[in-house]
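Remarks on the structure that follows.
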């Protein structure tokens, strides 16, 4: 909670309070959404591509807002109420968050970026530290130029550690967010194909992601995946003055990963010869857990506490979420998809044992740029028929997966439908007792609708 006076908020945001009589009002929360705004909170009208938050200033006051921000001339009907006037509300929101973060001298922040694994790594770090320190973390994946300020403004003077995701969909955004967050530890998980439509190549994606070190404290740590050739190349191109720590299966890594066993109940692995276990399944989750272990070692957390926390089964919704249904299970990974994360999900599908039938329901991978058809066809060629019994696909790009997979799968084991309803009917027909169903696509394909429908069926 902020616990700042309105006068302080005006100063930190670069704004002007409309009446000094309001300067001592205490604000604990700044909200950008009148639907969730509570009485006593302050409202910030963000201007987006589709909506201008200034349209909801009246609604904010009607719901009991203690004060609002407003661009000049946009709230003249409410001059009798507390208003902080700013030139640009979005910029003021970022400025408020940046200056507020600067004021929190005793709060350390772990900053995380990468094409895949940001949210899982964030959640694992928060889980590992939850018994030892007062933690605040990014809610969901609010990791853009609006989401990151929201996270920073949830910190308080009592917070000991913040865990903040940083995402990008254009050049310069990681630099911008890193300088806002000023992390004490920066983590780069990997480089994948996401955002190729804007960033054009994996080399450029790696350089963009590496900008997370631009705001890193001088005495901070940069932790990165040494198995990722794109990251290694980007690191070699520039001088990083902070301490660097590498991890991976590469024997030259500072923390060498050796996977011992993957089962339905989790993954056992060795890190520099010491055994750990996580409730998460798959090599990609071992990498995420490794980041949490490294951060814990930097802070001197008790090793037994770290091991115990890693074994707790907490999963973010729609991210490698194993759902037990009536007679079968769903591996719900419908939040996002790109070639790297899809292949990891298929590896996890293969690892999970004890099932009579394995079905993959896949939708389009978006934001892949000019190579989107090629990348979908490559996935179709890479899916192993010995590891997946049936492949169900929907979306115009997924048709290319189907065309390539049909050449290798038994006749009738690859099914494509433009309609999700038709795809759902096919899935219901194929699912039998002891089936495992992977559901994965980019977020806007909304395959969680299929998950919700499948959860209602019974094959016992």
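Please enumerate the residues belonging to region 349-367 that are out of contact with any helix residue (DSSP H, G or I) (no Cβ under 8 Å at 6 or more places or on another chain) and crowded, with 18+ Cβ neighbours inside 10 Å. Break it down stepwise before answering.
As a first pass, look at region 349-367 and keep what is out of contact with any helix residue (DSSP H, G or I) (no Cβ under 8 Å at 6 or more places or on another chain): 349-356.
Answer for region 349-367, where residues must be out of contact with any helix residue (DSSP H, G or I) (no Cβ under 8 Å at 6 or more places or on another chain) and crowded, with 18+ Cβ neighbours inside 10 Å: 349, 352.
Scanning region 102-116 for residues that are closer than 30 Å to residue 230 by Cα and modelled with pLDDT under 95 turns up 115, 116. Considering (1) crowded, with 21+ Cβ neighbours inside 10 Å; (2) out of contact with any strand residue (DSSP E or B) (no Cβ under 7 Å at 6 or more places or on another chain), the lone condition that residue 439 does not fulfil carries the number (2). Of all residues in region 214-223, at least one satisfies being over 20 Å from residue 309 (Cα atoms), surrounded by 20 or more Cβ atoms within 10 Å (Cβ to Cβ) and without any contact (Cβ under 8 Å) to a residue 60 or more places away in the chain.
Scan 128, 181, 148 and give me the residue that is touching a residue at least 24 places away in the same chain (Cβ under 8 Å) and either on the phi > 0 side of the Ramachandran plot or under 15 Å from the mean Cα position of the chain (by Cα) (or both). Give the steps one after another, and end with the answer.
Values: 128 fails: either on the phi > 0 side of the Ramachandran plot or under 15 Å from the mean Cα position of the chain (by Cα) (or both); 181 fails: either on the phi > 0 side of the Ramachandran plot or under 15 Å from the mean Cα position of the chain (by Cα) (or both).
Selected residue: 148, the only one of 128, 181, 148 that is touching a residue at least 24 places away in the same chain (Cβ under 8 Å) and either on the phi > 0 side of the Ramachandran plot or under 15 Å from the mean Cα position of the chain (by Cα) (or both).
Please go through region 255-268 and pick out each residue that is surrounded by fewer than 19 Cβ atoms within 10 Å (Cβ to Cβ), touching a strand residue (DSSP E or B) at 6+ places or on another chain (Cβ under 6 Å) and without any contact (Cβ under 8 Å) to a residue 24 or more places away in the chain. 258, 260, 261, 268 - these are the residues of region 255-268 that are surrounded by fewer than 19 Cβ atoms within 10 Å (Cβ to Cβ), touching a strand residue (DSSP E or B) at 6+ places or on another chain (Cβ under 6 Å) and without any contact (Cβ under 8 Å) to a residue 24 or more places away in the chain. The residue list 9, 110 contains one member that is surrounded by 21 or more Cβ atoms within 10 Å (Cβ to Cβ), in contact with a helix residue (DSSP H, G or I) (Cβ under 9 Å, 6 or more places away or on another chain), within 23 Å of residue 145 (Cα to Cα) and assigned by TED's automatic domain parsing to the domain that holds residue 221, which is 110. Among the residues in region 146-160, are any in contact with a strand residue (DSSP E or B) (Cβ under 9 Å, 6 or more places away or on another chain), within 19 Å of residue 212 (Cβ to Cβ), at pLDDT below 95 and not in a helix (DSSP H, G or I)? For region 146-160, residues in contact with a strand residue (DSSP E or B) (Cβ under 9 Å, 6 or more places away or on another chain), within 19 Å of residue 212 (Cβ to Cβ), at pLDDT below 95 and not in a helix (DSSP H, G or I): absent. Report, by residue number, each residue of region 388-412 that is farther than 22 Å from residue 435 by Cβ, touching a strand residue (DSSP E or B) at 6+ places or on another chain (Cβ under 7 Å) and either in contact (Cβ under 8 Å) with a residue 40 or more places away in the chain or buried (at least 24 other Cβ atoms within 10 Å of the Cβ) (or both). Scanning region 388-412 gives no hits. Condition (residue is assigned to a loop (DSSP other than H, G, I, E, B) and touching a strand residue (DSSP E or B) at 6+ places or on another chain (Cβ under 6 Å)) applied to region 207-219: is it met by at least one residue? Yes.
Here is a list of conditions, (1) surrounded by 15 or more Cβ atoms within 10 Å (Cβ to Cβ); (2) touching a residue at least 60 places away in the same chain (Cβ under 8 Å); (3) more than 24 Å from residue 192 (Cα to Cα), and residue 371 meets all of them except one; can you say which number that is? So the condition that residue 371 fails would be (3).
The values are calculated or read from the model by the stated rules, or taken from the named source; none is laboratory data. This structure is a prediction, so every number in the text was calculated from the model and none was measured. No Cβ is skipped: glycine too gets one built from the backbone with ideal geometry, and neighbour counts run over all protein chains shown.
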